[in-house]
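To start, the structure itself, in structure tokens.
The values are calculated or read from the model by the stated rules, or taken from the named source; none is laboratory data. All of these numbers come straight from a predicted model, not from anything done at the bench. In this analysis, Cβ positions are derived from the backbone assuming ideal geometry, glycine residues included, and neighbour counts consider all displayed protein chains. Calculation scope for accessible area: heavy atoms of the full protein, side chains included, ligands and nucleic acids excluded. Shrake-Rupley method; radii C 1.70, N 1.55, O 1.52, S 1.80 Å.
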Amino acid sequence: MASPAENLTLSPLSVAVAFGMLRAGARGETARRLDELFGFPADSRPEGSPHEGFNAVTAALLSPPPPAVGRGPAPVVEIANALFVSPAFGPSVQRPFVDLLARHYDAQAMAVDFASPGAKQTMDAWASERTHGKIEQLLDSVDPALLTLPWSTPLEAWTAPRLVEPRQRGLHPHVVRLVSEGGAVWVVKELRER
């Protein structure tokens, strides 16, 4: 964090941009729910419409006005985005999706073998380089069991043993919890009545 002699600003823009990137790859019911949840404008394109807006916002932030005379240096604003892709999913990641992320989010796609002990170090090194050492650790750990989940299937269609409904109903319908136990990852989500 910043010392008393430095300024550091953190913004929820990074969360919004992550969901914009997610929306670029979402289709069907998932896309509809993201559009509804975040108020993304309706668009006939399957990748949705928030991308030009996020691009404009980040471009404006990255081009701050010159500093006022006698006010010190201009603020430094940098944004770093990436898509870390398992080699197992690599062939299913479509080129238009990767190109859209590069064009609108300046995000590079990088192959990372999440089962490798070096996966965490690869992602941490990327974060450290892109943030000039301000973020040295991107994640606490990488759980390769996440890769065993059927990500290409809509969540509503998942079956046991990976999808578990909570004992107590009443969670928000969009809340999903990933729980790692016994070498497996379990997804806990309240579903509509089947």
Q. When the chain is fully extended, how far beyond the present Cα-Cα distance does LEU37 get from SER63, taking 0.36 nm per residue of separation?
A. 6.4 nm
Q. Does the stretch 31-135 come out rounded, prolate or oblate, given a ≥ b ≥ c as the square roots of the eigenvalues of its C-alpha gyration tensor, rounded meaning a/c under 1.5 and, failing that, prolate meaning a/b above b/c?
A. oblate
**Q.** Mean accessible surface per residue for the stretch 64-142, computed with a 1.4 Å probe while every protein chain stays in place, in Å²
**A.** 66 Å²
Q: Taking the Cβ of GLU52 as the centre, find all other residues whose Cβ is under 12 Å away and add up their charges (Lys, Arg: +1; Asp, Glu: -1).
A: 0
Q.
I'd like the distance separating the alpha-carbon centroids of the stretch 20-79 and the stretch 99-136, in whole Å.
A. 19 Å
